[in-house]
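Encoded as structure tokens, the structure appears first; notes follow it.
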């Protein structure tokens, strides 16, 4: 059908209704997209904020631990020197190093450890660690330990912290010169320092989880897969943690979407550019909860859909209403036309509007009036024509013609009316609203008791389910006996009074909701227009229910929403929004004035400014604010105040705006806490012992602490805002050239850098100081460098210590000669054709261990120093002399053949033979070998020289030992005449007892010698103890009890004295097993030792002692008898008594 032939009602529905529906659908879709984008953007913003907070907390803690690390390394420097010195003084023998004495100097926080070449702890101040093997525990760790032992450098391990237990530790490793051992200093502290404890990482992570509804959990791992957990947690890596670490190392950052949750992983790399066995990087896992966001988007989708559908239904109803308004006057006109067609010319078409249809009613009434007048004229003229027919024939004819024409015109009008009536009938039958004409039935009192159906259209039949054929001309009680009386009463009132009526009601009989318009076209009759609104009613109930659900969701997510009618300046505030501010729903009015009254007055202008920008940009500028509200209890509530205009008029004026309030009070409190922590860190930086200068991204100075002021000569006020290189003037110590700007290098690389050695800082007043420092980047939440912090210190004292350490690393501290490390490097360097012939000499000091045992290490050290002095004096300046081991020296002589070296060694030998150290003769054994060809292997030359030296030592050392033992006895007897006479008398007594026992002459001579040497170990006992006149204390008595062992050590150095050494060791054992040093009992004690015990005790009792006078022989003899079988061998006592009598 063409548009021009459509009925008025159809035109309304065809042209206007689709436009409205499309507009409403577009608006709803845009509102949905906008709301969804708001939720997604806020969700992503919160994710970025959480990640930034974690990164910031890790960076703060890492910076704090770096400060602790620097301080600990400074404390360790003195200990490193002392540990290395003590080890070298002990001749490289771990057993002679007193770790406990070193620990007492360094403090209880330190433990000292010695590790052998098999990676086993052989000595430690922590007994539980002894015999621990690194290689067995972890092969990689064992290989790392061996690598350090074989290196030349002191290795500082990065600081370690256990966040769960609060334990802090740090380890430093010092390889020995001969690379046989690795010295370790372990620092341990049970708790972190106060300001670091305030920055505890797990605590901050827990606060983030608590403060953010979208965060389910936060876990942190180190780069080996160890998770940072509480003290009761499992502090071990798992397969999952190792898998996470490996992937993050490759990808740096990635996310895993598990539907309801998103797991985000990223690496925080905080390692420094320095040698380290550990890596302080951290891997962070943040689990985000998608459920809240998905539910919010789903709820807003339901809300927008429901609102849009409701608006569509309302618009349809309005269109039907307008359609009815148009078709009703047409219906009246159609009824009037039908009456005219039946010959009733008195009818008048009612005019119900002033539009085109109203004009048509006027034309219709004028036409009917004209027709009526014409017919009256025709009747009048007909009579006149009959009276004057003959006289006025021509006029009658003319008039007849006129009447005919008029009649013809009337027929045309009637035809038009019939066509109009047909159109009205079509409109009546094709209406979408149910339409019916009824006749009211009253009783004898004129009260309506029933009504009859006269006319109904097809739509009425479809809506009500009542067929036209079954109800036409029947009363309602005949059709529906159970109908509610309400309908008859209301319809009767309209039919009798003529007052129109509109209402909505539910028919239980039909089971539907109706919207009914009732009017009376004539007295006693009424017409009804029915609209089935069952779907609309159910939709309203659904919208109401879904609105309730949405409000509950927003309540649970600490959110609330609002809907602002900008035209009427009314606003709906959800119960959740009011609850957020401490109010019940009924306590606050739904109006813009409500929130404007509760918001902080200083925040309101910001909100209105943002609103104006949003409107002026037609929504392209987001309406987003973080503002404060006054809570009912007087506290402050921080909220995100966001929204969007969802409806505009044709002139782009806003009509409606919707949005939400999200409670972020906990997040703001956390931000405040983090700001306080930053201020705490800033205060710490300003007060720390190192110089600190902080710059912004442009290299301008922002912070200068007190130490930096002193070192640079610039005050904080003078330096603020100045370029860094103007304040920090550094030059190379050797070239005096200006050094590059370290701040610029950090900005370029984004990594921590360390200034090269030999850097001099020139202060503002011209003072020059050597410094050491490093510059580290300050990262923002995106990982970009936003500034740099420079930490530096006066290097003067440390430089001197380092030079001392460097000297010690190449020199033997005791003798001042080069050490083994230097020798091995120099040998590689000199092993070239230009140095041939190259001679290598090995020297060994004879009897050094015996001297150490007898006279103490101090005398042994003097012997080594004297030997080194003579060798150095007699060698040439180009020769390399090194202490190779405890008692060994090596000489490298370039361009020296065998003849030349023999001359040098003869001079050395002559000087040494004539040298004495505390009455001790010096003696050395030596051997040499010469490399004459480049093809010869240096290691083979070394082996030949060593073999020659050991062959000479076999003959020379024995003679030296005899001489030394003689010197020991002579020295002991010179120290104490009493000890000399005591030894001689004991020797004589032993000989007498041996003869009485019938021992062989050879055994008697050995027994006599043993008696003479039995107290040789007292050479190492201080004379003040031997001559003490009062009773010995426990410590002094312990020293005295050592002399049998010392004597054993001295005598066993010669094979000829091996048996005598055993007898001397046991001469203070007791028959009952309570003696010392080994607690031997009865026959376990050698016979010779049992004889010496009796002779020694008897002579001691009968001789004067510093602490008492001599006992009589009788008393002494009785004491011997009384202790027979207890202290002494009873048989020896019996023989001794017999010998004494004779």
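Whether a residue is farther than 21 Å from residue 779 by Cβ and at pLDDT 85 or above was assessed, and residue 699 does not pass this test.
Highlighted here are the helices (runs of 4 or more DSSP H) found entirely within region 840-937 that include at least 2 residues which are in contact with a helix residue (DSSP H, G or I) (Cβ under 6 Å, 6 or more places away or on another chain), outside the structural domain of residue 88 (by TED's automatic domain parsing) and modelled with pLDDT of 85 or more: 857-874, 898-913. Scan region 192-222 for residues that are crowded, with 18+ Cβ neighbours inside 10 Å, outside any helix (DSSP H, G or I) and either modelled with pLDDT of 70 or more or touching a strand residue (DSSP E or B) at 6+ places or on another chain (Cβ under 7 Å) (or both) and the total you get is 10. Scanning region 556-596 for residues that are farther than 24 Å from residue 295 by Cα and surrounded by 14 or more Cβ atoms within 10 Å (Cβ to Cβ) returns 565, 566, 571, 582, 583, 588, 590, 591, 592, 594, 595. Residues that are touching a residue at least 12 places away in the same chain (Cβ under 8 Å) and either under 42 Å from the mean Cα position of the chain (by Cα) or under 21 Å from residue 655 (Cα atoms) (or both) within region 581-603 comprise 581, 582, 583, 590, 591, 592, 594, 595, 598, 599, 600, 603, listed in sequence order. Within region 462-482, the set of residues being in contact with a helix residue (DSSP H, G or I) (Cβ under 7 Å, 6 or more places away or on another chain), surrounded by fewer than 17 Cβ atoms within 10 Å (Cβ to Cβ) and touching a residue at least 12 places away in the same chain (Cβ under 8 Å) comprises 468, 479. With respect to the conditions (1) surrounded by fewer than 19 Cβ atoms within 10 Å (Cβ to Cβ); (2) out of contact with any helix residue (DSSP H, G or I) (no Cβ under 6 Å at 6 or more places or on another chain); (3) in a helix (DSSP H, G or I); (4) at pLDDT below 80, residue 1003 falls short on a single one, namely (4).
Taking the criterion of being in a helix (DSSP H, G or I), in contact (Cβ under 8 Å) with a residue 60 or more places away in the chain and in contact with a helix residue (DSSP H, G or I) (Cβ under 8 Å, 6 or more places away or on another chain), the residues of region 797-822 that qualify are 798, 801, 804, 805, 808, 809, 821, 822. For region 667-684, does any single residue satisfy the condition of being over 30 Å from residue 578 (Cβ atoms), without any contact (Cβ under 8 Å) to a residue 60 or more places away in the chain and over 25 Å from the mean Cα position of the chain (by Cα)? For region 667-684, residues over 30 Å from residue 578 (Cβ atoms), without any contact (Cβ under 8 Å) to a residue 60 or more places away in the chain and over 25 Å from the mean Cα position of the chain (by Cα): absent. Candidates are the residues of region 756-772 that are in contact (Cβ under 8 Å) with a residue 40 or more places away in the chain and touching a helix residue (DSSP H, G or I) at 6+ places or on another chain (Cβ under 9 Å); the one that is farthest from residue 54 (Cα to Cα) is 767. Restricted to region 1039-1060, and to residues that are under 24 Å from residue 1131 (Cα atoms) and surrounded by 20 or more Cβ atoms within 10 Å (Cβ to Cβ), which residue is modelled with the lowest pLDDT? Filtering first and then ranking leaves 1060. Where helices (runs of 4 or more DSSP H) sit wholly within region 1-112, those with at least 2 residues that are at pLDDT 75 or above and not assigned by TED's automatic domain parsing to the domain that holds residue 884 occupy 17-89, 99-106.
Each row is one residue, and each column tells you yes or no for (1) free of Cβ contacts under 8 Å to residues at least 12 places away in the same chain; (2) surrounded by fewer than 19 Cβ atoms within 10 Å (Cβ to Cβ); (3) within 29 Å of residue 1030 (Cα to Cα); (4) out of contact with any helix residue (DSSP H, G or I) (no Cβ under 8 Å at 6 or more places or on another chain).
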site	(1), (2), (3), (4)
1090	no, no, yes, no
1095	no, no, yes, no
1098	no, no, yes, no
1102	no, yes, yes, no
1107	no, yes, yes, yes
1112	yes, yes, yes, yes
1115	no, yes, yes, no
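Report yes if some residue within region 1051-1061 is in a helix (DSSP H, G or I) and under 30 Å from residue 1115 (Cβ atoms); otherwise report no. No: region 1051-1061 contains no residue that is in a helix (DSSP H, G or I) and under 30 Å from residue 1115 (Cβ atoms).
The values are calculated or read from the model by the stated rules, or taken from the named source; none is laboratory data. Values in this document were obtained by computation on a predicted structure and should not be read as measured data. Virtual Cβ from ideal backbone geometry, glycine too; neighbours counted across all protein chains shown.
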